[in-house]
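One structure below.
The values are calculated or read from the model by the stated rules, or taken from the named source; none is laboratory data. Worth saying up front: this structure is predicted, and the values here are computed from it rather than measured. Glycine also receives a Cβ, built like all others from the backbone with ideal geometry; neighbour counts cover every protein chain displayed.
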Amino acid sequence: MAGRVAGKVAFITGAARGQGRSHAIRLAQEGADIIAIDLCESVPGVPYPGATSADLAQTVKEVEALDRRIIATQADVRDYDAVKRAVDEGVAQLGRLDIVSANAGISGPMLPAEDLDAVAWQTMIDINLTGVFNTAKAAIGPIKAGGRGGSIVLTSSEAGLKPYANVAHYVSAKHGVVGLMRNLAVELAPFSIRVNSLHPTQVDTPMIMNAATYKLFLPDVENPTREDFAPASQAMNALPIPWVEAVDISNALLFLSSDEARYITGVTLPVDAGCFLL
Amino acid sequence: MAGRVAGKVALITGAARGQGRSHAIRLAEEGADIIAVDIAESIPSVTRFYPGATEEDLEMTVKAVEALDRRIVARKADVRDYAALKAAVDEGVAELGRLDIVSANAGIFIHSDKTQDVTESDWDDVLDINLKGVWLTTKAAVPIMIEQGTGGSIILTSSTAGLKGFANVAPYTASKHAVLGLARTLSNELAEHSIRVNTIHPTGVATQMVLNEATFRLFLPDVEHPTQGQAAEVFQSTNALPVPWVEPVDISNALLFLASDEARYITGTELKVDAGFTTK
């Protein structure tokens, strides 16, 4: 039986590890070819190490093991020209573009709003909002050129729907992604290009599973661990789980990217274990 | 490859035709067995808008599911009649062995009166079927699912009218907004049992409830006998995507996603399948 996105090409940012790698693998499992980019570097001021080119190479290996094609390049989503080049080269080699996963993003540093310096604020907006805009902007032309519609999915967060103390920049950027999503949904609907946003709760990836995140949730604990973090994280969710897996976000992305969701646009889809309910 | 809801049992109300039949077929295609409930008769306050489902309709749903080699227990029951509804659910579970998914889909669409002109009986019929009937469906199913101890997925069919206020559609709009409130409360209560509760919000769907002259006249009040072609233009202008209405299978695909383990951590959410209607 043909895969649920068989014959399609997906552009995924932040694809070296975490959710991005999971998206590449899940879409490839269902028949898509992949255009992948990642910064493959640490970002100054971000309190956990960035992905590496070895990470991106691993994503390539896993997609090719599924007998699908993948064009992967190192590129910074803040650099529009680099993003555009990656998309255009990918489309030249793979023949088309149908799906976009604007997934690249950072978290941190965690500070009260008045203590966030200009660099920390700007870096967050540049990657988590402007980078998402650059991704969509680079992809719209090739998708329109196909004349068969498409699906753009922007990764927001629970923090794109409600506030979290000590990450004002992250919350602002992720809320901004929702506004961008709605605008794009309205602009691109006449071309049958659907645009939606995903809103994960904590996901078990390096961006979340690190000391800075643990400290944010357990400010009074000296050196909090993953085990310490689990009950604090679970208390934020309605379902009795501490966090979701990257594949849970990928399954939601797959659904929105497939023709099963051909009339779903302008939607904020939480994958949040009921965290928004509480 | 195993179906996406293989080995599960789904309760679907309003299963005789339209979205309900489509849900039964789509879930059966992906490996589920079905408990199907429908009033399977005309409702007096509704017949001036569109004809009711029939027992023949329900029988056709049964045939379609059995043709997919899946089991189905179908019962004629009014969702307002708790005793009959409970009996249907219990008989279905006794025969099929379990209950994992609930699609509270049964509903009626009455419209075209200013709110102050709505009759009490119209109001009561809409609220009793579209809201109380949905609650009674969960009342019949939830204790079974909690006892079974394997989690589950409950999907309540709301509407774009559950998110926006439609003039001259007060009872339906109120009922569909209320379903959202019910779903939020239920999802909070049932989360500890890993039973997920979500709502689906369709725009106009191509079924008898929507594709009838009374509905066309709601959108074209100055035309004596509006046609589907004329209505399609107006419907399409209200959606963002260039379509007048969606197909029942589009709602079924969203239901399938929410019912499956792919959505194992999705609860308390509103999933619009609305061609961008509410975003526009």
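For the residues B:ARG21, B:ARG48, B:ARG4, the requirement of being buried (at least 22 other Cβ atoms within 10 Å of the Cβ) and either in contact (Cβ under 8 Å) with a residue 40 or more places away in the chain or in contact with a Gly (Cβ under 6 Å, 6 or more places away or on another chain) (or both) singles out B:ARG21. Considering segment A:133-166, the residues that are of a type in the set (S, T, N, Q) and more than 14 Å from chain B (Cβ to nearest Cβ) include one that is nearest to B:THR269 (Cα to Cα), namely A:SER157.
Looking at segment B:247-254, is at least one residue closer than 17 Å to B:SER187 by Cα, in contact (Cβ under 8 Å) with a residue 24 or more places away in the chain and in contact with a Pro (Cβ under 7 Å, 6 or more places away or on another chain)? The answer is no; no qualifying residue exists. Among the residues making up segment A:167-196, those that are of a type in the set (Gly, Ala, Ser), touching a Leu at 6+ places or on another chain (Cβ under 8 Å) and within 11 Å of chain B (Cβ to nearest Cβ) are A:ALA189, A:SER192. Among all residues of segment B:122-137, there is at least one that is in contact with a strand residue (DSSP E or B) (Cβ under 6 Å, 6 or more places away or on another chain) and either on the phi < 0 side of the Ramachandran plot or at pLDDT below 95 (or both). Have a look at B:THR238, B:THR227, B:THR215 and point out the one that is without any contact (Cβ under 8 Å) to a residue 12 or more places away in the chain and more than 30 Å from A:SER250 (Cβ to Cβ). After ruling out the rest, the residue left standing is B:THR227. Of all the criteria given as (1) within 15 Å of B:ALA104 (Cα to Cα); (2) within 14 Å of another protein chain (Cβ to nearest Cβ); (3) in contact (Cβ under 8 Å) with a residue 40 or more places away in the chain; (4) not charged (D, E, K, R), the one not satisfied by B:GLY151 is (1). The strands (runs of 3 or more DSSP E) found entirely in segment A:70-162 that carry 3 or more residues being in contact with a Lys or Arg (Cβ under 8 Å, 6 or more places away or on another chain) and buried (at least 20 other Cβ atoms within 10 Å of the Cβ) are A:150-155.
Of all residues in segment A:26-55, those that are over 17 Å from A:ALA102 (Cβ atoms), in a helix (DSSP H, G or I) and touching a strand residue (DSSP E or B) at 6+ places or on another chain (Cβ under 9 Å) total 3. Limited to segment B:162-197, what total is found for residues that are basic (Lys, Arg) and either farther than 18 Å from B:THR137 by Cα or away from chain A (no Cβ under 13 Å) (or both)? So the count comes out to 2. The single residue among A:ILE249, A:ILE241 that is of a type in the set (Val, Ile, Thr), farther than 22 Å from B:PRO202 by Cα, surrounded by fewer than 22 Cβ atoms within 10 Å (Cβ to Cβ) and within 14 Å of chain B (Cβ to nearest Cβ) turns out to be A:ILE241.
For segment B:1-40, how many residues meet the condition of being small (Gly, Ala, Ser) and outside any loop (DSSP other than H, G, I, E, B)?
7
Listed by position, the helices (runs of 4 or more DSSP H) inside segment B:205-273 whose residues that are within 30 Å of A:ALA273 (Cα to Cα) and of a type in the set (A, V, I, L, M, F, W, C) number at least 2 are B:248-259. Of the conditions (1) within 26 Å of A:ILE143 (Cα to Cα); (2) more than 14 Å from chain B (Cβ to nearest Cβ); (3) surrounded by fewer than 19 Cβ atoms within 10 Å (Cβ to Cβ), A:GLY45 clears all except one; give me its number. That leaves (1) as the condition not met. Selection of segment B:97-145 for residues being touching an Asp or Glu at 6+ places or on another chain (Cβ under 9 Å), farther than 19 Å from B:GLY20 by Cα and either of a type in the set (A, V, I, L, M) or part of a helix (DSSP H, G or I) (or both) yields B:ASP122, B:VAL142, B:ILE144, B:MET145. Against the condition within 12 Å of chain B (Cβ to nearest Cβ) and not charged (D, E, K, R), how does A:TYR214 come out, does it pass? No. The condition (being within 29 Å of A:VAL5 (Cβ to Cβ) and either at the interface with chain B (Cβ under 9 Å from one of its Cβ atoms) or free of Cβ contacts under 8 Å to residues at least 24 places away in the same chain (or both)) is satisfied by just one residue among A:PHE229, A:PHE276: A:PHE276.
Quick one: in segment B:209-235, of everything that is surrounded by 15 or more Cβ atoms within 10 Å (Cβ to Cβ) and over 25 Å from B:ALA106 (Cα atoms), which residue is nearest to the chain's Cα centre (by Cα)? For segment B:209-235, the residue satisfying everything is B:VAL234.
State all residues of segment A:47-61 that are of a type outside the set (Ser, Thr, Tyr), out of contact with any Lys or Arg (no Cβ under 7 Å at 6 or more places or on another chain) and modelled with pLDDT of 95 or more; if no residue qualifies, say none.
Let us first name the residues in segment A:47-61 that are of a type outside the set (Ser, Thr, Tyr), namely A:47, A:49-51, A:54-58, A:60-61.
Add one more test, that the residue is out of contact with any Lys or Arg (no Cβ under 7 Å at 6 or more places or on another chain), and what stays is A:47, A:49-50, A:54, A:56-58, A:60-61.
Listed by number, the residues that qualify are A:PRO49, A:GLY50, A:ALA54, A:LEU56, A:ALA57, A:GLN58, A:VAL60, A:LYS61.
How many residues are more than 7 Å from chain A (Cβ to nearest Cβ), of a type in the set (S, T, N, Q) and under 24 Å from B:GLU29 (Cα atoms) if we restrict to segment B:232-280? Total meeting the criteria: 2.
The residue list A:ALA36, A:ALA51, A:ALA65, A:ALA57 contains one member that is within 23 Å of A:LEU154 (Cβ to Cβ) and out of contact with any Cys (no Cβ under 7 Å at 6 or more places or on another chain), which is A:ALA36.
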